[in-house]
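Engineer: Sharing a structure with you now.
The values are calculated or read from the model by the stated rules, or taken from the named source; none is laboratory data. Computed from a predicted model, the values in this text were never measured in an experiment. Heads up, the Cβs are rebuilt from the backbone with ideal geometry, glycines too, and the neighbour counts pull from every protein chain shown. Only protein heavy atoms, including side chains, enter the accessible area calculation; ligands, DNA and RNA are left aside. Shrake-Rupley method; radii C 1.70, N 1.55, O 1.52, S 1.80 Å.
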Amino acid sequence: MMSFSTQVLKCDPSSISFDTGNKPLITSASTLEALQTASRHLVEDLQVVVFPTETVYGLGALALDATAATLIFSTKGRPPDNPLIVHVSSEQMLLSLLPPDYTLPVSYQVLIQHFWPGPLTLLFPRDPTKIPNIITANQPTVAVRIPSHSVARALIAISDSPLAAPSANTSGKPSPTRAEHVLRDLDGKVGLILDGGSCDVGLESTVVDGLHEDGNIRVLRPGGVTVEDMERVLQQHFPRASLPKVLVHRRDYLDNNVEQTPTTPGMKYRHYSPSVPVKLLRTMSRPPHGTEVMSPSDLVDSLKDSLAPCSHLKIGLMAPSGSVIAKDLLKNTGIQWYGYELGSLTEPAVTAQRLFDGLLTLEREGVNVILIEEVSEDREGLAVMNRVKKAADEVYWVAL
């Protein structure tokens, strides 16, 4: 793989707006220059570029060029059977990718009206004359979204090409939500990073499949748009008799085929794991029959035993504000604790925004293990727990 001297260019998202034709209007000369430089990297040099989105930072390449898209996989170390999401800057660009005889279902029209631009990805039939096999891992569908981050939309528009872009990290690691996260991981592996500040959502997009004959909306990956929000807008537009159901994979239905040959990222492989072990602390859900429930002190003793070779035990603790379990754990002396608050239990969107930053921050602190206390699996908490369960190598049930 090529080695680069990685360049980081600042972009001011507030300097970018869009006219009625979705053409970007940019008032900052340095931001415009950075975007034009990035566009040349993508279009002329067929290189990857890192750019911010509202979800996480993306590693982008031309979606309609198989040679360019191949660099995404080699840069990340990504398995070739893990498909990519295509990012477009407008509905017109979306329609240019789809089969000419395809008509958007009403459910998609409603979701697009309410959530695009934004952290929602929709599955569409793939036109094989336009979308290379490498983008979809040879699947008959393609995942597409319009990002709401102004830097991302402007870059796509200036490049005048859809961009395939998974998260800008080594495959399997936590997704980056700040440019410095990317630089720490991919320095020397990419030529250019556009720094547009911290990501507002902090977790990847919700991925939806609405292509089944029953008309229901299947959530393949929970993310920045919640199930509750989708249900609410669909109820506003459909009579009760024809209202599509919003079904969450593994919660409301199972589909082994889609796990073995996924149509979207985040379904088949272990993801979101830092270089240190992650333990999930179940503190509110009911344990399976016969499962041991530990006290906080018993948990600490167990961790000390399992990490015995470490003379100075450093434990990262990610927990909601005011957590009684966290408060009790921190009483245990002889351990160097590194706390990272996930925000209030009543604000799961804040927890979502902080999750990956917490994992990467504690990893950088050099902790021996990271403990994450569970949150309720509603609203953004569904996406948070989806990521935590994939990151964790062990689960403990803990109670006072």
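Engineer: What is the ratio of the Cα radius of gyration of region 41-149 to 2.2 N^0.38 Å, with N the residue count, to two decimals? Let's see the in-between values first.
Structural biologist: Details: Rg = 13.8 Å, N = 109, 2.2 N^0.38 = 13.1 Å.
In units of the 2.2 N^0.38 Å rule of thumb, it is 1.05.
Engineer: Note the full-extension length gain between Val233 and Ser275 as 0.36 nm times their separation in residues minus their Cα-Cα distance, in nm to one decimal.
Structural biologist: This chain segment gains 11.1 nm when fully extended.
Engineer: Still on this structure: Let me see the P(r) profile for region 25-99: every Cα-Cα distance counted, bins of 10 Å, each bin given as a percent of all pairs.
Structural biologist: Values per bin, smallest distances first: 16, 45, 33, 6, 0.
Engineer: With labels modelled as points extended 7 Å from the Cα through the Cβ direction, what inter-label distance (nm, one decimal) is found for Ser198 paired with Ser74?
Structural biologist: Label at Ser198, label at Ser74, 3.6 nm between them.
Engineer: May I ask which residue of Leu25, Trp116, Ser198 lies farthest towards the positive end of the charge dipole of the chain, with charges of +1 (Lys, Arg) and -1 (Asp, Glu) on Cβ and the Cα centre as origin?
Structural biologist: Farthest towards the positive end: Ser198.
Engineer: On a full-extension model of 0.36 nm per residue, what is the gain between Glu365 and Asp328, subtracting their alpha-carbon distance, rounded to one decimal in nm?
Structural biologist: This chain segment gains 11.1 nm when fully extended.
Engineer: Given a Förster distance of 25 angstrom, what is the FRET efficiency for Val106 paired with Lys130, based on the Cβ-Cβ distance and rounded to 0.05?
Structural biologist: Once rounded, the FRET efficiency stands at 0.55.
Engineer: Shifting gears a bit: Mind checking the dipole of the chain: about its Cα centre, +1 per Lys or Arg Cβ, -1 per Asp or Glu Cβ, Debye to the nearest 20? The partial results should precede the final answer.
Structural biologist: Details: 35 positive and 44 negative charges, 66 e Å.
Dipole size: approximately 320 debye.
Engineer: Using a 1.4 angstrom probe, figure out how much accessible area region 154-219 has per residue, in square angstrom, rounded to the nearest whole.
Structural biologist: Accessible area per residue: 28 Å².
Engineer: Residue by residue, what Karplus-based ³J(HN,Hα) values in Hz, rounded to whole numbers, does region 178-192 have, using 6.51, -1.76 and 1.60 with θ = phi - 60° and x for Gly and Pro?
Structural biologist: These are the phi-based 3J(HN,Hα) values: 9, 4, 5, 4, 5, 4, 5, 8, 10, 4, x, 9, 10, x, 8 Hz.
Engineer: Once Lys and Arg get +1 and Asp and Glu get -1 on their Cβ, which of Val246, Leu342, Met385 lies farthest toward the positive end of the dipole of region 237-391?
Structural biologist: Working it through, the farthest residue towards the positive pole turns out to be Val246.
Engineer: Sticking with this structure for a sec: By how many degrees, between 0 and 90 and to the nearest 10, does the Cα long axis of helix 296-306 differ from the longest principal axis of the chain?
Structural biologist: Compared with the principal axis, the helix lies near 80 degrees.
Engineer: What Rg and what Dmax come out for region 282-394 when only alpha-carbon atoms are used, in angstroms?
Structural biologist: Cα radius of gyration and Dmax of region 282-394 are 14.0, 41 Å respectively.
Engineer: Moving on to the next point. Let me make sure I get this right: for region 188-307, a, b and c are the square roots of the gyration tensor eigenvalues over alpha carbons, sorted descending. Under 1.5 in a/c it's rounded, otherwise prolate if a/b > b/c, else oblate. Which is it?
Structural biologist: oblate
Engineer: Calculate how steeply helix 106-115 sits against the longest principal axis of the alpha-carbon atoms of the chain, using the helix alpha-carbon long axis, and give the answer as 0 to 90 degrees to the nearest 10.
Structural biologist: 70
Engineer: Let me ask you something else. In a GNM of the chain with a 10 Å cut-off on Cα contacts, which of Pro287, Pro277, Pro83 has the highest mean-square fluctuation?
Structural biologist: In this elastic network of the chain, the residue with the biggest mean-square fluctuation among Pro287, Pro277, Pro83 is Pro287.
Engineer: If you count the DSSP beta bridges with both ends in the chain, what percent of them are antiparallel, to the nearest 5?
Structural biologist: Numbers: 18 of 54 bridges.
Around 35 percent of the beta bridges assigned by DSSP in the chain are antiparallel ones.
Engineer: Can you send over the carbon and sulfur percentage of the accessible area for region 20-150, probe radius 1.4 Å, protein chains only?
Structural biologist: 54
Engineer: If amide hydrogens are placed 1.01 Å from N in the peptide plane, which non-local residues have theirs closer than 5 Å to the one on Gln7?
Structural biologist: Result for Gln7 returns Leu192, Ile193.
Engineer: Could you pull out which residues in region 168-204 have an amide N less than 11 Å from a spot 7 Å beyond the Cα of Thr37, following the Cα-Cβ vector?
Structural biologist: It comes to 192-195, nothing else.
Engineer: Continuing with this model, one more query. Dipole size in debye (nearest 20) for region 200-258 around its Cα centre, Lys and Arg Cβ +1, Asp and Glu Cβ -1?
Structural biologist: Here region 200-258 has a charge dipole of around 160 debye.
Engineer: Determine the dipole magnitude for region 353-400: charges of +1 sit on the beta-carbon of Lys and Arg, -1 on that of Asp and Glu, nothing else is charged, the reference point is the Cα centre, and the result goes in debye to the nearest 20.
Structural biologist: 120
Engineer: Could you estimate the translational diffusion coefficient of the chain from the Stokes-Einstein equation, with Rh from the Kirkwood formula over C-alpha pairs, at 25 °C and 0.890 mPa s, in whole µm²/s?
Structural biologist: Approximately 112 µm²/s, per Stokes-Einstein.
Engineer: How much accessible area per residue does region 302-400 have, in Å², with a 1.4 Å probe?
Structural biologist: Here the per-residue accessible area is 44 Å².
Engineer: Okay, next question. What's the angle, to the nearest 10 degrees (0 to 90), between helix 348-365's Cα axis and the longest principal axis of the chain?
Structural biologist: Value to nearest ten degrees: 70.
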